[in-house]
1. Can you list the residues of segment 182-220 with backbone N under 13 Å from a point 7 Å past the Cα of Ala21, pointing along Cα to Cβ?
2. Let me check I've understood the local charge: for Met85, count other residues with C-beta under 12 angstrom from its C-beta, Lys and Arg +1, Asp and Glu -1. What total comes out?
3. Within segment 146-220, report the trypsin sites (Lys or Arg not before Pro) that DSSP leaves as loop and that have at most 15 other Cβ atoms within 10 Å.
4. From the phi of every residue in segment 148-153, what ³J(HN,Hα) in whole Hz does the Karplus formula 6.51 cos²θ - 1.76 cosθ + 1.60 yield, where θ is phi - 60° and glycine or proline is x?
5. Between Glu236 and His65, what FRET efficiency comes out of the Förster formula 1/(1 + (r/R0)^6) with R0 = 41 Å and r the beta carbon distance, rounded to 0.05?
6. Not counting ligands, DNA or RNA, and with a 1.4 Å probe, what is Thr41's accessible surface area in Å² rounded to the nearest 10?
7. Where does the chain land on the Kirkwood hydrodynamic radius, alpha-carbon pairs, in angstrom?
8. Separation between the Asp190 and Leu46 pseudo-spin-labels, each 7 Å from Cα along Cα→Cβ, expressed in nm?
Amino acid sequence: MHKTPELIVALDVGDLASASALVEQLYPTVTLFKVGLQLFTAEGPLAVEVVRQRGGAVFLDLKLHDIPNTVAGAVREAARLGAAMCTLHASGGRSMLQAATAAVAASGSPMRLLAVTVLTSLDSRGLEEVVGSKLDLTAQVVRLASLAQEAGLDGVVASPHEIGLLRATLGPSLCLVIPGIRPAWAAADDQRRVMTPHDATVAGADYLVIGRPITAATDPAKATRRILDELKAVAEDDTGSF
Ligand code: C5P
């Protein structure tokens, strides 16, 4: 039986009006929206408010990476804004990750913390340049995800091709948030190692982050329904197999 993942629509736009227009078109079919670096840099906390006022929840993708005290402070503010999920780099280290989880616990907020492991834009060469020695990229993803789990984070943001390995090594409770999703009918854009919503569901994703196949569609609501139908079909296939 496959769990149907929840859809997160990435509001990768540079102003509040465009973000609001998308939320207006998609809510309540979509209830979770990603506010990332572009929109947050442009509009700040108002971007979170616009989604929340409409009734939606926010995945605040800030990919924090700084000393523990600074990250704990930022995480505390993200929780105060009412974000449902927030991201930070696992490579910030154990103390930074623990300071962040402690800050959320102390705030009493249900906000979930997700770790970014190795950016999917880095290949083995790029990783070697950053760390100064040869490392197996996949092993590094697992090492960082495991560190995040040990430090008390709720899950990781991962490439669809890492779902199987992360599930197998870190177990079912780790929350897996998966970008790089492309329905068969959508353009790949600049994403390289993509997977369809169907296949990512079968692999075991908890959340799918989808941007341009929805936000750049002529009819974003229709594109969303097509994707949700694909997810529903996985559940129906399951039922059919009994
Ligand atoms: O438009 P698209 O569906 O490619 O958007 C994917 C979203 O997921 C973007 O907001 C992007 O920042 C994010 N993301 C990604 N790949 C990663 C991590 C995050 O595409 N490895």
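The values are calculated or read from the model by the stated rules, or taken from the named source; none is laboratory data. If you're wondering where the values come from, they're calculated on a predicted model, not measured in any experiment. A quick note on method: Cβ atoms are made from the backbone with ideal geometry, for glycine too, and the neighbour counts reach across all protein chains shown. The protein model used for the area step is the full one, side chains on, heavy atoms only, and it has no ligands, DNA or RNA in it. Shrake-Rupley method; radii C 1.70, N 1.55, O 1.52, S 1.80 Å.
1. Correct set: 215-220.
2. Details: positive: Lys34, Arg112; negative: Glu6, Asp61, Asp154, Asp206.
Computed value for this residue: -2.
3. Details: sites: Arg167, Arg192, Arg193; in loops: Arg192, Arg193.
Those satisfying the criteria are Arg192, Arg193.
4. Whole-Hz 3J(HN,Hα) from phi for segment 148-153: 4, 5, 4, 7, x, 6.
5. Details: r = 41 Å, r/R0 = 1.01.
It comes out at approximately 0.50.
6. 110 Å²
7. Numbers: mean 1/r = 0.0544 Å⁻¹.
Kirkwood hydrodynamic radius for the chain: 18.4 Å.
8. About 2.6 nm, to one decimal.
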